[in-house]
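Reviewing the structure listed below.
Here, each number is a calculation from the coordinates, and none is a lab measurement. Just so it is clear, the model here is predicted, and its values are computed rather than measured. In this analysis, Cβ positions are derived from the backbone assuming ideal geometry, glycine residues included, and neighbour counts consider all displayed protein chains.
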There are 2 protein chains.
Amino acid sequence: MTHRDPVLMGPGPCNPYPEVMEAYARPVLGHLDPDFIALMDEVGDRLRQVFQTTNQLTFAVSGTGSAGMEAAFVNFVGPGDTVVVGVNGVFGGRMCDVAARCGAEVVRVDAPWGAPIDPNDLIDAHPSPKMIAVVHAETSTGVRNDLATLGAKKGDALLLADCVTSLGGIDLRIDEWGVDIAYSGTQKCLGVPPGLAPLTVSDRALTHLRETPQSWYLDLNMIAKYVTGGDGARAYHHTAPISSLYGIHAGLGALLDEGLEASFARHQAVGDALQAGLVDRGFELFAAEGNRLPQLTSVWVPEDRLPDGATEADVRRSLLLDYGVEIGGGLGDLAGKGWRIGLMGHTARMRNVQLLLASLDDILV
Amino acid sequence: MTHRDPVLMGPGPCNPYPEVMEAYARPVLGHLDPDFIALMDEVGDRLRQVFQTTNQLTFAVSGTGSAGMEAAFVNFVGPGDTVVVGVNGVFGGRMCDVAARCGAEVVRVDAPWGAPIDPNDLIDAHPSPKMIAVVHAETSTGVRNDLATLGAKKGDALLLADCVTSLGGIDLRIDEWGVDIAYSGTQKCLGVPPGLAPLTVSDRALTHLRETPQSWYLDLNMIAKYVTGGDGARAYHHTAPISSLYGIHAGLGALLDEGLEASFARHQAVGDALQAGLVDRGFELFAAEGNRLPQLTSVWVPEDRLPDGATEADVRRSLLLDYGVEIGGGLGDLAGKGWRIGLMGHTARMRNVQLLLASLDDILV
């Protein structure tokens, strides 16, 4: 089969940084090899810089972003615990599902898709929750939710943030904002193929760590002895996905070489350019002004600009197969009527904005 | 840092097939891209051939082998279910832990490490268990347990087999032997870096599938709609680890091009040669004769052959850093006194047997 190489402007995965693909090709080492342990330690150091935290327990979970979500819940929440969850998109809804499977009492706080959640609604939802959970950057809508206000007002609750789409693309200050537990994914603004879930846990959260979480695979008591074992021997838990760790190590290196602020500015510039270009062409932006993500743009597709008889899905398919550009379909109200367009990691380049807009000019009527 | 490329003769990971590393370098596609869906379907077809099964639900779990173990339990076992577990090594013990976290009543049947489990002991342990679980090839001891007898006598119980170290290296007949649920890992006899867990589930087992397993990430109800969605649209569950799927696709291709029987014969030949060579040199084999795995050899190290003042760990370290060969330390009674030596996947070559024996001749006194 011919190997197509589309420009990946969907909601993730993005195109990986070239350095990442080189790293994947490196010889496999054993999971207890001293050079691999050193690399894993560097991954932790680099993740701390990107998360803007000093949390010791900061590492990459051996699964995709959703495994990070599950690790963040099962280790801290059990039967009878109250968890307040903000829902203004798919991933907030997923958090409710995961928390409920831990036996938690879920207090669900909805906000309209496309609008941000008012942090005060979460604070006021319950007098003494064990945890307040919210998505920082909703991949299903392109909306940013406010973490800093939640951190300032959380009281004794643990603040859990889904940072799958935010990490590396927009400002995220774990320590300064008072986020206790945060997870991400590799295939968004980190510019790495999917497969790992960066996770960071505050010392305060660790005092709430469950002794025997319902998941063995994601049990932080045991994983911590492997990933942050200090200078001594590391206790084997499960075999780390070696090549994927090479990948995230290189991706984080590329990001930090560029600089966090420069990466945020790059994502903002290309997002602004794309959103302006789409509005010029008759698209209506879905996410509320003031809380729009630059790295994930959601839009209503103007029906009168679709080619005769074509649906929005036909246009996406033509973009993918004829023009070599992948974008994502809409979810919720946007399903069948809108698109989600990512500009994340290595894909967040002005040339890709130009390519997509020029291709749309070619296809639309 | 210089990239060392040791020969990986530990208990896994092995060295990947060259085709696998080429596949990792392929351009990333989206997880709903038609070419990626086609590749995922081929991974399923190839896994069915290697598992020797027609089970429709056969795919690679997005995590390492231990995630496969957890998926195998959480989807079928819940509070109050009786699970009989055979334990003659680390991984049988891990099964007890995972089953207990699902709320199961665990009936643990121990056999001495190094010896196989008598299948009748498992059959007789409980009159009507929900599940009988056993490790096919114990990575901690190098022993093969009998699955065929268990399958013939299981009655209404579901038979679950850990095939992490067996798949691709020794004969494994899921359908013929009556195994209902089996999982594996990529980094053993499949010759692929760690990161995925092949899983196969019989139609009979699917009638016992729990409606809402405690794990969202490993929920087979939802995953099945993505990995075996037929010709129609695939329902997104989580973002598949694209590059890792390329890797297993290529590794399974290499294995099937060689042929299953040829692969088994190759593993047997190199294992026999290694075991004979070690006995010649004064090592005592740990696993009981008749149930020794060719792909994982466990041995007592002859103390009188260690260099003056050196421990077995010193010799392993010298093998790794001076000779470029990784082998594994012992577990249980073998800790500090024995080794585990793997010859798996691409590593199962006579040249590697020669290299290790020659290196030992150089080091030992």
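Quick notes on this one:
- A cut-off of 5 Å between modelled amide H atoms, ignoring neighbours fewer than 5 places along the same chain, links B:Val87 with B:Val109, B:Asp110, B:Ala111.
- Max mean-square fluctuation residue, GNM over chain B, Cα-Cα springs under 10 Å, options B:Leu220, B:Leu190, B:Leu319: B:Leu319
- Exposure proxy ranking, count of Cβ atoms within 10 Å, fewest first, for A:His136, B:His249: B:His249, A:His136
- Order of A:Cys102, A:Cys163, A:Cys14 - criterion: other Cβ atoms within 10 Å of each residue's Cβ, fewest first: A:Cys102, A:Cys163, A:Cys14
- Residues considered: B:Leu47, B:Leu122, B:Leu32. Largest GNM mean-square fluctuation over chain B, using C-alpha springs under 10 Å, is found at B:Leu32.
- Helix A:242-258 axis, angle to chain A major axis (alpha carbon atoms, nearest 10°): 70
- Going from the fewest other Cβ atoms within 10 Å to the most, the residues A:Glu105, A:Glu284, B:Glu312, B:Glu211 appear in the order B:Glu211, A:Glu284, A:Glu105, B:Glu312.
- Per-residue mean of C-beta atoms belonging to partner chains within 10 Å, peptide A:20-28: 5
- Chain B: relative contact order as a whole-number percent, Cα under 8 Å and 6+ apart: 25
- Set of aspartates and glutamates near A:Lys337 by C-alpha distance (under 13 Å), chain-local residues within fewer than 8 positions excluded: A:Glu284, A:Glu303, A:Asp304, A:Glu312, A:Asp314
- Shape analysis of chain A based on the Cα gyration tensor places the equivalent ellipsoid semi-axes at 34, 26, 17 Å, largest first.
- Between B:Asp257 and A:Ser128, the FRET efficiency estimated from the beta carbon spacing at R0 = 56 angstrom works out to 0.35.
- Residue-count net charge about A:Thr53 - beta-carbon cut-off 14 Å; Lys, Arg +1, Asp, Glu -1: -2
- Calculated [θ] (222 nm, deg cm²/dmol) that DSSP helices of n ≥ 4 give over chain A, each run adding -39,500 (n - 2.57): -11000 deg cm²/dmol
- Peptide B:59-66 is shielded by partner chain Cβ atoms: per residue, an average of 5 of them sit within 10 Å of its Cβ.
- B:Ala269-A:Ala38 FRET efficiency (beta carbon distance; Förster radius 51 Å; 0.05 resolution): 0.90
- Placing a label point 7 Å from Cα along the Cα-to-Cβ direction at B:Pro302 gives distances to the equivalent points in the other copies of 8.5 nm, listed shortest first.
- Largest GNM mean-square fluctuation across A:Ala161, A:Ala115, A:Ala310, computed for chain A with C-alpha springs under 10 Å, falls on A:Ala310.
- FRET efficiency, 1/(1 + (r/R0)^6) with R0 22 Å, evaluated for B:Glu211 and B:Gln52 via beta carbons: 0.15
- Nearest 10 degrees, 0 to 90: helix B:34-51 Cα axis against chain B principal axis: 60
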